[in-house]
Structure formats: structure tokens, C-alpha cells
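J.: Sending over a structure as C-alpha cells; questions will come in a sec.
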Amino acid sequence: MSRYLFKPFEMIAGGPALIAGLLVIAVTAVLAWSAGLVTDGVLDLHFAPTANPGITLLQGLINWLSISLCLLLLGRWLSQGQFRTLDLFATQALARWPVLLGVGYLSIPWINQEINARTQALMAAMPDDPSMVMADSAYMLDAMWLTVLSLPLLVMLVWLIWLMYHGYALVTNLRGQRAVFSFIGGLIAAEILSKLLIWLLNLLT
């Protein structure tokens, strides 16, 4: 069971993985739109209204293509062996399924309402005086409860990063520090690239 959760690319790759991954991205987009969520970055998931599910779908595709292209360039540069571009793109598409879980979690009505309500309460409690860096202690319970509610999202974020890394290392056959540091560099570059492209998308729509 753990292989399906943490090392799925050892059992599914190529075309089937790409189809499954694109389906995950599409379902994530529709569910995110219906819950008032956006994925405006490779690692980003938060509440914000969007005009239509097509925007959230484009966001998901931009995120997938950004990380795939950045890791492809690094993999071609560093890898001594040959690997198929299809395999890298497929694994990165399927690796995004924890985002679907995160969107599903935030789509639960009482979770959605609680996080929104606690966030708004904390924002309203922020002091107007710049010299005061903390809100009133009466809002500590809101902050603690918001942290508890956000823990599953942190787990899913770590899971997402692990799947992206594992897919990259497996396809390119990179190991050790070369795999870790090149992946970190690619992830940072992909986050910046996706943010820029989605910002341009928002300007055009």
C-alpha cells in the first residue's frame, strides 16, 4: 500500500500516468472553482474567487508545465543516461494528486467555513499601530484552531513535494545531492515561473 501512496511511479508511468495525472488536474480545477479556491503557483492553494473553472484549469496546467519544463532542463543537463520526456511530464502530472486531496479537504463545508471565519477574525484583529506586532490575546484561540485545521494541508504539501522529487529522481536516474539540490533549484524556478505566467493570465482575462 505504501508504494501506491509514496512510490506510484514504480508501477505506473508513460501514457497511463499522463492520462491519470491530467484527469487529476482537471478534477482539481473544477472542485477548486466550486469551493472558491485557486492554485496560483506550483505549491499554492488558497481561497480566492475565480470567474470560471477554465481559469483554475489553466492554473493547474501552468503549474504542471512549469515544474515539468524546469525539471526537464535540469535532468537533461545533469543526467548521464537517456530518459523519455513523456515519462517526466507524466510523473509530474500524477504527482499533483495530493493537491486534489487538499482541495477536497478545503471543500468540506464546515472546514471551509471555519478557516474563512477564523482567518477573517484574525485579519480584523491585526493592530493598526505598526509598533504592535501581535493581535489581542483573545484571538489566540482562533490562531491555534486555524493552525490545527491547516495541519492536513501541510501534510499534503510535503506529500506533493516528495512525489515530485521521487518522480524526477526515478525518471532521470539522479541520486544523492545532485538529485536533491537540482530538484530544489527546479522547484524554486518553477514556482517563480508559474506565478509569473498566472499573473499574466490574470491580466489577459
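J.: Return only the number of the condition from (1) surrounded by 17 or more Cβ atoms within 10 Å (Cβ to Cβ); (2) out of contact with any Leu (no Cβ under 8 Å at 6 or more places or on another chain) that residue 21 does not satisfy.
T.: With (1) surrounded by 17 or more Cβ atoms within 10 Å (Cβ to Cβ); (2) out of contact with any Leu (no Cβ under 8 Å at 6 or more places or on another chain) applied to residue 21, the lone miss is (2).
J.: Kindly evaluate residue 197 against the criterion of being in contact (Cβ under 8 Å) with a residue 60 or more places away in the chain and farther than 11 Å from residue 66 by Cα.
T.: Taking the combined requirement at face value, the residue does not satisfy it.
J.: Here are some residues: 79, 131, 68. Which one is among the small types (Gly, Ala, Ser), more than 12 Å from the chain's Cα centre (by Cα) and at pLDDT 95 or above?
T.: Only one candidate passes the filter, namely 68.
J.: Hey, could you check segment 1-17 for residues that are in contact with an Asp or Glu (Cβ under 9 Å, 6 or more places away or on another chain), surrounded by 11 or more Cβ atoms within 10 Å (Cβ to Cβ) and part of a helix (DSSP H, G or I) and say which is modelled with the lowest pLDDT?
T.: 9
J.: Oh, and also: Can you tell me how many residues within segment 95-121 are touching a residue at least 12 places away in the same chain (Cβ under 8 Å), farther than 17 Å from residue 70 by Cβ and under 21 Å from the mean Cα position of the chain (by Cα)?
T.: Looking only at that region, the number is 16.
J.: Could you check, for segment 52-70, whether at least one of its residues is farther than 27 Å from residue 203 by Cβ and surrounded by fewer than 16 Cβ atoms within 10 Å (Cβ to Cβ)?
T.: No; the residues of segment 52-70 include none that is farther than 27 Å from residue 203 by Cβ and surrounded by fewer than 16 Cβ atoms within 10 Å (Cβ to Cβ).
J.: If you take the residues in segment 159-176 that are over 15 Å from residue 77 (Cα atoms) and without any contact (Cβ under 8 Å) to a residue 40 or more places away in the chain, which one is surrounded by the fewest Cβ atoms within 10 Å (Cβ to Cβ)?
T.: Restricting to residues being over 15 Å from residue 77 (Cα atoms) and without any contact (Cβ under 8 Å) to a residue 40 or more places away in the chain, the top hit is 176.
J.: Go through segment 59-79 and give me each residue that's in contact with a helix residue (DSSP H, G or I) (Cβ under 6 Å, 6 or more places away or on another chain) and within 30 Å of residue 149 (Cβ to Cβ).
T.: If the condition is that a residue be in contact with a helix residue (DSSP H, G or I) (Cβ under 6 Å, 6 or more places away or on another chain) and within 30 Å of residue 149 (Cβ to Cβ), then 59, 60, 62, 63, 64, 66, 67 are the ones that fit.
J.: I would also like to ask the following. Restricting to segment 28-87, count the residues that are in a helix (DSSP H, G or I), more than 30 Å from residue 178 (Cα to Cα) and touching a residue at least 40 places away in the same chain (Cβ under 8 Å).
T.: Of the residues in segment 28-87, 7 are in a helix (DSSP H, G or I), more than 30 Å from residue 178 (Cα to Cα) and touching a residue at least 40 places away in the same chain (Cβ under 8 Å).
The values are calculated or read from the model by the stated rules, or taken from the named source; none is laboratory data. Note that the structure is a prediction, hence the values are computed from the model and not measured. Reconstructed Cβ throughout: ideal geometry from the backbone, glycine too, with neighbour counts over all protein chains shown.
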